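Here, each number is a calculation from the coordinates, and none is a lab measurement. The model shown is predicted, which means the values in this text are computed figures rather than measured ones. So basically every Cβ, Gly included, is an ideal-geometry build from the backbone, and we count neighbours across all protein chains shown.
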Amino acid sequence: MSQYQIAIIVGSLRKDSFNRKLAHAIVKLAPPEFSFKELQISDLPLYNQDDDASQAESVKQLKSGVLTAQGLLFVTPEYNRSIPGVLKNAIDHASRPYGQSAWAGKPAGVLGASPGAHGTAMAQQHLRNILSHLNVPTLGQPEVFVQVKDGLFDEVGDIGTASKKFFQNWMDQYVAWVKKHAD
């Protein structure tokens, strides 16, 4: 049985982030041959092309985490109808210097949660556009635009009973996607 290490990138820095909670809950639905590690993005400097030749240690750690992963899991909120700046900053850092992108070829899943009625639909669309440019094969269906409501998570922070079948289906599709596209 192959082992798959998945890098989680949460697009929120908020301590009580719904998206971090969603990331931690959904990974419990994965099979045992999948392990997950959240990559740190809160300590990255703002991207500046002048620093490409001498990247900060935090940037090197991010790139290393992406390069050693067999897949990616992006879990992001939506800010102003797009992805948060901190997520874009992380993407930019790990894609540089030009021609040395850590993202290329890594299969990805994208999901997100928000209190808003449309979930994170616009942020996910923008993220998918960016990932397409970076040659990241991204699971297209099923899409997960979650409105955070009572019952989404149970009392211990796992996916709630009413949503479990939906999220299990997503995870099953994601697992198949990674197995199909991983090196």
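So the values come out like this:
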read-out: FRET efficiency, 1/(1 + (r/R0)^6) with R0 25 Å, evaluated for S132 and K179 via beta carbons; value: 0.75
read-out: Share antiparallel - DSSP beta bridges, the range 1-94, percent rounded to 5; value: 10
read-out: Length gained when the stretch Q168-K149 is fully extended (0.36 nm per residue, less Cα-Cα span); value: 5.0 nm
read-out: Test item: Cα-centred dipole of the range 4-181, Lys/Arg +1 and Asp/Glu -1 on Cβ, debye; value: 320
read-out: DSSP-defined beta bridges in the chain - what % are antiparallel, rounded to 5; value: 10
read-out: Potential lengthening between N80 and K37 on full extension [0.36 nm per residue; Cα-Cα distance subtracted]; value: 12.7 nm
read-out: Entries in K15/K149; K88/K180; K60/K180; K28/K63 that, when Cα-Cα distance is taken, lie over 23 Å; value: K88/K180; K60/K180; K28/K63
read-out: Neighbourhood net charge (11 Å Cβ-Cβ; Lys/Arg +1, Asp/Glu -1) for A102; value: +4
read-out: Rel. contact order, % - alpha carbon contacts under 8 angstrom, at least six apart, the range 4-181; value: 25
read-out: Gaussian network model of the chain, Cα within-10 Å springs - most flexible of I159, I83, I130; value: I130
